[in-house]
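Below is one structure, written out as C-alpha cells, with a few remarks after it.
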Amino acid sequence: MGLRIYNTLTRQKEPFEPLTPGQVGMYACGITAYDLSHIGHARSALVFDVIRRYFEFNGYRVVFVRNFTDVDDKIIKRAEQEGGSVGEVSERYIAEFQKDMESLGVLPADVEPKATEYIPQMIALIERLLGRGFAYVVNGDVYFEVGRFPHYGRLSGKNLDELLAGARVEVDERKRDPHDFALWKSTKPGEPSWESPWGPGRPGWHIECSAMSMEHLGESFDIHGGGEDLIFPHHDCEIAQSEAATDKPFVRYWIHNGFVQIHQEKMSKSLGNFFTVRDIFEKSPYGVQVTAEALRYFLLTTHYRSPLDFSDDALWESKRALDRFYGLFQRLDESSGAKGPGDRLLPPLFERLGEAFRQAMDDDFNTPAAFAQLQLLRGELNRLLETGLSKQAREQAREAFRSLGQVLGLCQLSFREWEFGIMHQVHATDAVAAAVEDKVDVRVSKESLTDVEIEQKLAKRNEARRRKDFATADTIRAELASLGITIEDRPDGTSRWKR
C-alpha cells in the first residue's frame, strides 16, 4: 500500500505523495534558545530524525530544515538575568542543543536557520500581507487580521473562543480583534531591534517559520511538524499568514508528536518532574547509566502521536532489550562452523521480516510495531544459530540488523563497543559507582580475577536472574565487563564467559 501518514490537518491517514517525485521537503520547528533542552525537545527531534531516516531508507532525497528561534521574550528575559546580550544567550543554548542532539544520535538538519538571519525575508512577507489587505499597522506594530482569513483554526479544529483560552496570544487593546496576532513588534527600551518600513522593531513569533520554510522549501512543501503544543497558535498562524500571502496550500502533511509525561503527569517545572536531556544521561537507574541508544530505544517504544510516560523502569527495560540484541551480535561474531542447515532459511526470513518492518513503518511510522519485527528476527536468528550458520550467513544476518536498525538509529555498534562503552560509563562517576556497590559486593580494579572467582560471580548472577533480580544480574555483568570479561547469555538460560 505504500507509506501512509496521519495528517493533523485532515485528521486521517493519507497516502504520501510528494510534490516532486523522489524528493521530500520537510520542516520541523526547533527550539527557542533560552535554556537547556528537555526530554520533550528530545522526543520531537528524534521523531523527525527517524522520519527523515525512513524516507532516505526508501530512496528519497530529503531536504530537512529545522530552525532556531534566537530572539524572543524568553531569551531577552534570560539575557537580563544573566547580564549578557540576547545574541550571547541564544548562541550558547543553540550550541548546547546541538551537543545534546549529537549525544542522542540525532542527525543535523540539512539547513538550520536562525530567525535573526532572515529579517529581510520576514519584512518582505509582512509587506505582501499588508498589500493584500490581511494585515494592519498600529503605532509601529503590525498585526495579522484573523477575520480576513476564513479558514483560520482549521488545523486545531476548534472555534476561536476555545483557541484563545489559555493560548500563547498577546493581549493588546489596539487590536481589531483579540485573535489578531503580531507580525512585527515595535522596539522597546533595551531590546534588540531591526529597521523596517514601520519603524525599528523585531518579528513576531509566527512569521519567522513561514519566512524561513518558504525560503528553503518553496511556498508549498511536503511536511511540517513539531510537538502537539505548537498546533495552536503557532501552526494555525503559520497557515493563515502563508496562504494569505501566496494563495497556495502551505503544507501537504502536518505531523505532530505527543507530550512526554512523568509517571502519567504532564512534565512541568512547577511539579518538580522536569528533566533536561542531560539530566536523563546523568541518571543511573539501578546503577547503570543511560546511553544514547537506550534513550533512543525508550523514546521510540511508544508511537510518536501518543503520550510518552517517562520512568526509570522504562529506561531500564530499554537497556535490557538492547542487551539482548547485542548479545545476539556477540554470538554472530563469535560462532564457528561451516555452512549449516540454517543458511538456506535466512533469505526467506530476511525477506519476510524485512517486509513486515517496512509495513510497520509505512503505517504512519509505527516504531513499536517495527521493534516487534526486530525482536522476531532476533529470536529466529538465535534459533538458527543452534542449528548452525556459516560465517557468510552470520555476516548477512548482522548486516540485515544494521540496515533496519539504521532507520531507528540503533544496532550500529559492535558488541564490544556496546558492552565496554556502557561499562565505562557505569563507573564514570562516584555516584554511579556507589549505586552499583549498594546492589552487590563489587570488586572494581585493574586486577584480574581467577577462573574460580569468575565462576563464583557468574553463579551469583545466575541465581539473581533466576529470582528475576535483573538489577543485581546486570550489576555483576558490569563489574566483570570492567575487568575485561564478557558474558554471553544463551537461549537455554545458561551463560558462558570469556576474557
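Here's the yes/no breakdown for (1) within 21 Å of TYR54 (Cα to Cα); (2) buried (at least 19 other Cβ atoms within 10 Å of the Cβ):
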{"position": "ASP229", "(1), (2)": "no, no"}
{"position": "HIS235", "(1), (2)": "no, yes"}
{"position": "ILE255", "(1), (2)": "yes, yes"}
{"position": "ALA314", "(1), (2)": "no, no"}
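Just checking, which of GLY133, GLY84, GLY105 is in the same structural domain as ASP177 (by TED's automatic domain parsing) and surrounded by 15 or more Cβ atoms within 10 Å (Cβ to Cβ)?
Values: GLY133 fails: surrounded by 15 or more Cβ atoms within 10 Å (Cβ to Cβ); GLY84 fails: surrounded by 15 or more Cβ atoms within 10 Å (Cβ to Cβ).
It is GLY105.
For region 194-223, give me each residue that is buried (at least 17 other Cβ atoms within 10 Å of the Cβ), within 34 Å of the chain's Cα centre (by Cα) and part of a loop (DSSP other than H, G, I, E, B).
GLY204
Does region 341-358 include one or more residues that are touching a residue at least 24 places away in the same chain (Cβ under 8 Å), within 16 Å of the chain's Cα centre (by Cα) and on the phi < 0 side of the Ramachandran plot?
no
When you scan region 372-385, do you find a residue that is within 31 Å of the chain's Cα centre (by Cα), at pLDDT 95 or above and part of a loop (DSSP other than H, G, I, E, B), even just one?
Scanning region 372-385 turns up no residue that is within 31 Å of the chain's Cα centre (by Cα), at pLDDT 95 or above and part of a loop (DSSP other than H, G, I, E, B).
For region 243-260, which positions are over 28 Å from HIS303 (Cα atoms) and in contact with a His (Cβ under 9 Å, 6 or more places away or on another chain)?
Passing the criteria: only GLU243.
For GLY84, which of the numbered conditions (1) at pLDDT below 95; (2) in contact with a Ser or Thr (Cβ under 8 Å, 6 or more places away or on another chain) fails to hold?
(2)
Return the pairs, sorted by first residue and then second, in which the second residue is among the hydroxyl-bearing types (Ser, Thr, Tyr) and modelled with pLDDT of 70 or more, the first residue lies in region 473-499 and is under 14 Å from ARG461 (Cα atoms) and surrounded by 13 or more Cβ atoms within 10 Å (Cβ to Cβ), the beta carbons are less than 8 Å apart, and the residues are 6+ apart or on different chains.
LEU480/THR486; ILE487/SER495; GLU488/SER495; ASP489/SER495; TRP497/THR486
I'd like to check something: does region 305-313 contain any residue that is hydroxyl-bearing (Ser, Thr, Tyr), farther than 20 Å from ASP100 by Cβ and touching a His at 6+ places or on another chain (Cβ under 7 Å)?
Within region 305-313, the subset hydroxyl-bearing (Ser, Thr, Tyr) is 306, 311.
In the following step, the residues that additionally are farther than 20 Å from ASP100 by Cβ were identified as 306, 311.
Filter once more, so that each one left must be touching a His at 6+ places or on another chain (Cβ under 7 Å): 311.
The answer is yes, given that some residue of region 305-313 is hydroxyl-bearing (Ser, Thr, Tyr), farther than 20 Å from ASP100 by Cβ and touching a His at 6+ places or on another chain (Cβ under 7 Å).
Could you check region 110-135 and list, in sequence order, the residues that are closer than 19 Å to GLU191 by Cβ, within 31 Å of the chain's Cα centre (by Cα) and of a type outside the set (Gly, Ala, Ser)?
Selection gives LYS114, THR116, GLU117, TYR118, ILE119, MET122.
Tell me, yes or no, whether region 229-252 has at least one residue that is without any contact (Cβ under 8 Å) to a residue 40 or more places away in the chain, farther than 24 Å from GLY133 by Cβ and assigned to a helix (DSSP H, G or I).
yes
If you go through region 110-123, how many residues are touching a helix residue (DSSP H, G or I) at 6+ places or on another chain (Cβ under 8 Å) and either of a type in the set (A, V, I, L, M, F, W, C) or not in a helix (DSSP H, G or I) (or both)?
5
Looking at ARG176 and the list (1) at pLDDT 95 or above; (2) under 19 Å from TYR136 (Cβ atoms), which single condition is not satisfied?
It fails just one condition, (1).
Filter region 284-312 down to residues that are surrounded by fewer than 19 Cβ atoms within 10 Å (Cβ to Cβ) and among the aliphatic types (A, V, I, L, M), then give me how many there are.
1
Looking only at region 442-463, filter to residues that are small (Gly, Ala, Ser) and at pLDDT below 80; which one of those is surrounded by the fewest Cβ atoms within 10 Å (Cβ to Cβ)?
Taking region 442-463 first, the residues small (Gly, Ala, Ser) are 445, 448, 459.
Filter once more, keeping what is at pLDDT below 80: 445, 448.
Values: SER445: 9, SER448: 12.
Result: SER445.
Residue check: is ARG296 of a type in the set (D, E, K, R) and over 27 Å from LEU107 (Cβ atoms)?
On the way: of a type in the set (D, E, K, R): yes; over 27 Å from LEU107 (Cβ atoms): no.
No, not satisfied.
Regarding region 34-46, can at least one residue be identified that is buried (at least 23 other Cβ atoms within 10 Å of the Cβ), more than 30 Å from LYS283 (Cβ to Cβ), at pLDDT 95 or above and under 20 Å from the mean Cα position of the chain (by Cα)?
no
The values are calculated or read from the model by the stated rules, or taken from the named source; none is laboratory data. Note that this is a predicted model, so its numbers are computed, not measured. Cβ sites come from the backbone with ideal geometry, for glycine too, and all protein chains shown count toward neighbours.
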